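Enquirer: This structure is in C-alpha cells; I'll ask about it shortly.
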Amino acid sequence: MLSLNDYYKRGKISDKVIDLSNEALDSLKERFEKIDEIAELNQMKVLHAFQKNKVNASHFAKSTGYGYDDDGRDTLERVYADVFNTQDALVRAQITCGTHALSLALSSNLRPGDELLSPAGAPYDTLWEVIGIRDSLGSLSEYGVKYRQVDLIDDLYFDYDKIKAAINDKTKMVTIQRSKGYASRPTFSVKQIGELISFVKSIKPDVICMVDNCYGEFTEVIEPSDVGADMVVGSLIKNPGGGLAPAGGYICGRSDCIANAAVRLTSPGLGREVGANFGVNTAFYQGLFLAPTVTASAEKGAVFAAKLFEAAGFKTHPASSEIRHDIIQAIDLKKPEYLKAFCLGIQAAAPVDSFVTPEPWAMPGYDDEVIMAAGAFISGSSIELSADGPLREPYTVYFQGGLTWYHAKYGIMLALQKLIDSGFAL
Ligand SMILES: *Cc1c(COP(=O)(O)O)cnc(C)c1O
C-alpha cells in the first residue's frame, strides 16, 4: 500500500513543499475547528428546513413541458426561503448562472427612470455590461435606468457622507457585493453589510437592498438576508449547489421582489407557475444538503493556501490569520509565469482533465485575458477546486473551491510545486 507521502511523491511534490505544508497545517488547527463549528450550525439550519417542509421522494420527480404543479420545485423554493430566512425564493435551472440571477433581480425590480446605487465601489466585472457601465446591448442603461456608484475609502470603508448624498428620490435599488470578486478590497462580513443596509434604509426606508451573495453562502452562521437585505442572489454552481447542482441560480427575498423576478424570468401572467425541472431536483436538494460541509472544505483549502503561500513569501488576501467571509483566496503571484504555473498545478491535481494545460483567453464579460484552471465534474463550477485570474498586475490568482478538503490540499501543494518548477526559488 502506498503512504500519503508516496502519493505526493508520485505527483512530483518535493520534500520541501511537504514539510512546509505540514508546518502550515500545524498552525491551522484552531481555524479549522472554527470552520467546522460554522458548518455544523449551517448543516442543522439546512436539515431543519428540509424537515419543516416535509421533503419527500416525490419531490425528486422530473417535470417536463410547462412544468405546472411542480411540487418538488416549489417545495425546494420554500426550503431555500427558510434557509435564507426570507419570505420567498426563486430557485431555477432556467436561471443560467450568477450573472443571470443578478441581472434578473435588477431588471425585474427597476423601471425606466429609476436609479441603481452601488455604495461600495464597482460591482463584479460581468455586471458592468448588465448595468451599462460599459456600453452593452440590452443593458439597464438602454432601458433608462441610471447608475450611481460611491467608491470605498482606501478600498476599505464605506463613504457614508457620499452615500447619503447619492441617495435621492429616484434611488430605487442598492446593490452590495459580499465577496471581493476580482477586486482588491476585502470581502464584507454579514455584519458590515447589515450596517450599510441600516444606514441606507435610515435615509430612504423603501430602497430595495440587493446583495450579490456569490461565494459567501454558509461561510458564516448568518446571511445578508438575516440583517435586512431585501434580496440575496447567487449561483448554484457555487456554494449552495454543493457541487451537485448542474446549473442554476437563486434569488431569495421579499415576496414582492421575488414576484417581480418570476414574471421577468418567464412571462407576465405566467410567473413562477411554469418552468420544468428537467430532472435536476435531486441534485438541487442533495447539493443544498451537502453545501455547508462542501463550503467548509473549500474554506479550509483557502486558509491553507494563504498560510502556505505566505510561508513562500507571497502577499495574500485575506491573510491566513484574518477571519474570512467567502471561499475566495487571492494570492499576488507577481509574475505571469507564476500565475500560469499555479493554474497548471490546480489543473494537474484535478479528478477530470488533469492532463491539460490551461491557457489565457479572452472571456465574454471580462476586460483582460483570463486564465482558468478547473478539472470539474460540472463545467465551470467554481465550488469545485478551481483557480483563475486576469492577466494584469500584480498577477493575482483567485483560488476557490474544493469538494473535499483533501483534494484542495493536494491541489495547493501541487500549485506551489509548479511555481518552483517554473523557476521560483523557495
Ligand atoms: C461568480 C460571481 C458572479 C457571477 O456569477 P457567474 O455564475 O459567473 O455568472 C457575480 N458576482 C460575484 C461576486 C461572483 O463571485
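None of the figures in this text is laboratory data; all of them are computed from the coordinates on show. Worth saying up front: this structure is predicted, and the values here are computed from it rather than measured. Cβ coordinates were reconstructed from backbone atoms using ideal geometry, including for glycine residues, and neighbour counts include every protein chain displayed.
Enquirer: For region 312-426, give me every one of the strands (runs of 3 or more DSSP E) that falls completely inside it and has 1 or more residues that are within 16 Å of the ligand (Cβ to nearest atom) and charged (D, E, K, R).
Expert: 386-390
Enquirer: From the list Ser103, Ser58, Ser108, pick out the single residue that is under 30 Å from Trp128 (Cα atoms) and without any contact (Cβ under 8 Å) to a residue 40 or more places away in the chain.
Expert: Ser103
Enquirer: Mind listing just one residue for me: the one in region 95-130 that is outside any helix (DSSP H, G or I), within 16 Å of the ligand (Cβ to nearest atom) and small (Gly, Ala, Ser) and, of those, farthest from Arg185 (Cα to Cα)?
Expert: Filtering first and then ranking leaves Ser118.
Enquirer: Let me ask something else about it. Go through Thr219, Thr266, Thr175 for me and flag whichever is out of contact with any Leu (no Cβ under 9 Å at 6 or more places or on another chain), among the β-branched types (Val, Ile, Thr) and buried (at least 24 other Cβ atoms within 10 Å of the Cβ).
Expert: Answer to the selection: Thr219.
Enquirer: Follow-up. Report whether or not Leu76 is part of a helix (DSSP H, G or I), hydrophobic (A, V, I, L, M, F, W, C) and in contact (Cβ under 8 Å) with a residue 40 or more places away in the chain.
Expert: Considered against the rule, which asks whether it is part of a helix (DSSP H, G or I), hydrophobic (A, V, I, L, M, F, W, C) and in contact (Cβ under 8 Å) with a residue 40 or more places away in the chain, Leu76 comes out as yes.
Enquirer: Select, from Tyr338, Tyr410, Tyr395, the only residue that is on the phi > 0 side of the Ramachandran plot and crowded, with 16+ Cβ neighbours inside 10 Å.
Expert: Going through Tyr338, Tyr410, Tyr395 in turn, just one is on the phi > 0 side of the Ramachandran plot and crowded, with 16+ Cβ neighbours inside 10 Å: Tyr395.
Enquirer: Right, next: Which residue pairs have Cβ atoms closer than 6 Å, lie 6 or more positions apart in sequence or on different chains, and pair a first residue in region 312-340 that is free of Cβ contacts under 8 Å to residues at least 60 places away in the same chain with a second residue that is within 16 Å of the ligand (Cβ to nearest atom) and not basic (Lys, Arg)?
Expert: Close Cβ pairs satisfying both conditions: Leu339/Gly389; Leu339/Val397.
Enquirer: Further question on the same structure: Need the failing condition index for Arg185 against (1) within 14 Å of the ligand (Cβ to nearest atom); (2) in a loop (DSSP other than H, G, I, E, B); (3) in contact with a Ser or Thr (Cβ under 8 Å, 6 or more places away or on another chain), just the number.
Expert: Every condition holds for Arg185 apart from (3).
Enquirer: Here's something else I'd like to know. Evaluate region 157-171: report whether one residue or more is more than 15 Å from the ligand (Cβ to nearest atom), among the small types (Gly, Ala, Ser) and in contact with a strand residue (DSSP E or B) (Cβ under 7 Å, 6 or more places away or on another chain).
Expert: Looking through region 157-171, at least one residue is more than 15 Å from the ligand (Cβ to nearest atom), among the small types (Gly, Ala, Ser) and in contact with a strand residue (DSSP E or B) (Cβ under 7 Å, 6 or more places away or on another chain).
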